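Note sheet for the following structure.
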Amino acid sequence: MTLSNYRCFADRQTIELRPITCLFGRNNSGKSALTRSPLVLSTGIHTDSTTPLDLDLLGEDIVDSFLDLIHGRRPHGSIEIGFTVETEQGPVDLTVKVQNIDEYHIQTVSLFEVTTNDRRLTLTWERNDPSDGAANYSFTGPGLNEHEILVRFRGLLPTAIESEKISSTIRDEILELSSRIRENLGTIRYLGPFRDRPARFYRMPTRMPDFVGPSGEHTASILAADLKRNQGGLIEFINQHFGKSLPDWSVNAVESSGLYNIVLQSKVDPSVEVNLVDTGTGIAQALPIFVQRALDLYTGTKKPILEMVEQPELHLHPAAHGTLADLYLNATLGTNARFLIETHSETFLLRLRRRVAEGKLAPTSISLYFIENSNGSTVARRINVDDAGNLDYWPRGVFSEDYDEAKLLAKAQLSQLSGPNAH
């Protein structure tokens, strides 16, 4: 995907979304803005709104207004987004520019460009009044350049072209490519850094969710529904495949007076149960991740999935960070999913590099980006990994804090030994 003039990214950024794509950098560098960008994009594809980006679907925790998406929050600014979608007929590249029209408090698609292997079709807004849901565009295609083409959009994609200036064949081709993009983009989902605190009791959901939710809020509902409607098949699958992450405990759902609670059950003495509320924060934060991975493997994933995850290691001991890396690695092998992961964990990245060196992970399956601020704008710098897990670049001072602290500790200790009261 590509982004231009988007939030803290003034210049064009190109991100290759491999099976595992990791973003890292210092605090407030722009990692979260980049991690969440596919979610923002999806509101312009999976939508019935005539607004280019249906931001009401996201809530204020993700973005407050379209103006927040424009670099510098310029009232008359625009953002540009591009991405490639794989389809049965071949890849389709889409580039769209969304213009803010401050006087109307609306936005419009000012550029729509779709490219296949041999053709490029472009619609450019002619800056007429778009407030009635339609606007005039110039069309550029093979051997053609026409003006005053009336186009109606649903989200970022055109749904109607009302003009005789271009042939019905070209009109149908644009609409067909738009449909292919909408149908093949797949599922885009997001798991934030702060998962919901568990409750002591839960009600049975009317249906079993297929995603734990942005805050992991559906985790308990998935387990309770599985116990009641699937005889605990998913729960058994979780304990069988992810038992190493909880060596002394297994996960279970227990019915009590029509309600359900989620417990950890001792493997040594099954009569010992601990409600999830009474466990450490790390377990409650990690459980949505394990449940989602198991659910995808257990039920299978038909459509492609892009899952964005912020700080999956949060509240977990560093010893568990490598296990998380393996969890996502295995998920790419067993499901039709890709992951865009923001992480602060050196161990997470080291585990991926180790798996490459061991031959268990192809270097082409991962991409690493260091997010850094440069002269008032943010850039995503690509770090390439070779077959031995070596890197072609590493930012100075990143993940060297423990080494720096150890040097300063040694210096302080040496100062004490050489001081006037030293023995």
Q. By average Cβ neighbour count within 10 Å, what is the ranking of 332-340, 29-37, 405-413 from highest down?
A. 29-37, 332-340, 405-413
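Could you tell me how many cubic angstrom of Cα convex hull volume segment 61-175 has per residue?
Here the figure is 121 Å³ per residue.
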Q: Compute the accessible area per residue over segment 257-357, keeping the other protein chains in place, probe 1.4 Å, unit Å².
A: 40
Q: Kindly state, to the nearest 0.05, the FRET efficiency for GLU346 paired with TYR104, given R0 = 51 Å and r defined as their beta-carbon distance.
A: 0.60
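For the chain, what does the relative contact order come out to in percent, with C-alpha contacts under 8 Å and a separation of six or more?
Working: 782 pairs, mean separation 72.2, N = 423.
Averaging sequence separation for qualifying contacts and normalising by length gives 17 percent for the chain.
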Q.
Suppose all protein chains stay in the model; what accessible area per residue would a 1.4 Å probe give for segment 28-80, in Å²?
A. 43
Q. Where the only charges are on Cβ atoms (+1 Lys, Arg; -1 Asp, Glu), what is the dipole of segment 225-286 about its Cα centre, to the nearest 20 debye?
A. 180
Q. Using a cut-off of 23 Å between alpha-carbon atoms, which lysines can reach LYS303, once sequence neighbours fewer than 8 places away in the same chain are excluded?
A. none
Q: Using the charge dipole of segment 300-423 (Lys, Arg: +1 at Cβ; Asp, Glu: -1 at Cβ; taken about the Cα centre), state which of PRO318, ASN384, LEU409 has its Cα farthest towards the positive end.
A: ASN384
(Q) To test your reading of the geometry: what angle, between 0 and 90 degrees and rounded to tens, separates the Cα axis of helix 31-42 from the longest principal axis of the chain? (A) 50
Q. Hey, what's segment 108-228 come to in accessible area per residue, 1.4 Å probe, Å²?
A. 48
Q: Would you list which aspartates and glutamates come within 12 Å of LYS267, measuring only between C-alpha atoms, while excluding same-chain residues fewer than 8 positions from it?
A: ASP248
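Give the carbon-plus-sulfur fraction of the accessible surface of segment 94-148 in %, rounded to a whole number; probe 1.4 Å, heavy atoms of protein chains only.
40
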Q: Between the alpha-carbon centers of segment 68-102 and segment 257-300, tell me the distance in whole angstrom.
A: 40
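Excluding LEU276 itself, what net charge comes from residues whose Cβ is under 12 Å from its Cβ, given Lys and Arg +1 and Asp and Glu -1?
Around LEU276, the surrounding residues sum to 0.
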Q: Report, to two decimal places, the Cα Rg of segment 244-300 normalised by 2.2 N^0.38 Å (N = number of residues).
A: 1.19
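Would you mind calculating the relative contact order of segment 337-417 from Cα pairs under 8 angstrom and at least 6 residues apart, reporting the percent as a whole number? Write out the running numbers ahead of the final one.
Values: 58 pairs, mean separation 17.8, N = 81.
It comes to 22 percent, rounded to a whole number.
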**Q.** Nearest-0.05 FRET efficiency for LYS244 and ASN375, computed from C-beta distance (R0 51 Å)
**A.** 0.65
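Compute the normalised compactness of segment 156-208: alpha-carbon radius of gyration over 2.2 N^0.38 Å, N being the residue count.
Rg over 2.2 N^0.38 Å, computed on Cα atoms: 2.16.
Using a 1.4 angstrom probe on heavy atoms only, work out the carbon and sulfur share of the accessible area of segment 155-211 in %.
Working: 1520 of 3100 Å².
Whole-percent figure for carbon plus sulfur exposure: 49.
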Q) How many percent of the accessible area of segment 335-423 is carbon or sulfur, using a 1.4 Å probe? A) 49
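Summing Lys, Arg as +1 and Asp, Glu as -1, what charge do residues with Cβ under 13 Å from the Cβ of ASP226 carry, ASP226 excluded?
Net charge around ASP226: 0.
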Q | Relative intensity, log₁₀ I(q)/I(0), of segment 1-43 from a Debye sum that treats every alpha carbon as a point, q = 0.25, 0.27, 0.33 Å⁻¹ | A | -1.04, -1.19, -1.39
Q) How would you order 311-319, 272-280 from highest to lowest mean count of nearby Cβ atoms within 10 Å? A) 311-319, 272-280
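Would you calculate the convex hull of the Cα atoms in the chain and tell me its volume per residue in Å³? If you can, show how the numbers build up before the last one.
Details: hull volume 88.7 nm³, N = 423.
Expressed per residue, the convex hull around the Cα atoms of the chain is 210 Å³.
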Q.
Loop-only chymotrypsin sites (Phe, Trp or Tyr not before Pro) in segment 358-423, please: DSSP not H, G, I, E or B, and at most 12 other Cβ atoms within 10 Å.
A. TYR393
Q: Estimate the FRET efficiency between TYR393 and PHE194 by the formula 1/(1 + (r/R0)^6), using the beta-carbon distance for r and 35 Å for R0, to the nearest 0.05.
A: 0.65
Q: For LEU361, enumerate residues with amide H under 5 Å from its amide H, sequence gap 5+ or separate chain, H modeled in the peptide plane.
A: VAL356
**Q.** Considering only the chain, percent of DSSP beta bridges that pair antiparallel, nearest 5
**A.** 75
Q: Would you please name the trypsin sites (Lys or Arg not before Pro) within segment 202-249 that are DSSP coil residues with at most 15 other C-beta atoms within 10 Å of their C-beta?
A: ARG203, ARG207
Q) Which residue, ASP54, ASP402, ASP386, tops the fluctuation ranking in a GNM of the chain built on C-alpha contacts under 10 Å? A) ASP402
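Taking the Cβ of THR43 as the centre, find all other residues whose Cβ is under 10 Å away and add up their charges (Lys, Arg: +1; Asp, Glu: -1).
Counting the neighbours of THR43, the net charge comes to -2.
The values are calculated or read from the model by the stated rules, or taken from the named source; none is laboratory data. Source: prediction; values computed, not measured. FYI the Cβ positions are ideal-geometry reconstructions off the backbone, even for glycines, and counts take in every protein chain you see. Note: accessible area is taken over every heavy atom of the protein model, side chains too, but ligands, DNA and RNA are not part of it. Shrake-Rupley method; radii C 1.70, N 1.55, O 1.52, S 1.80 Å.
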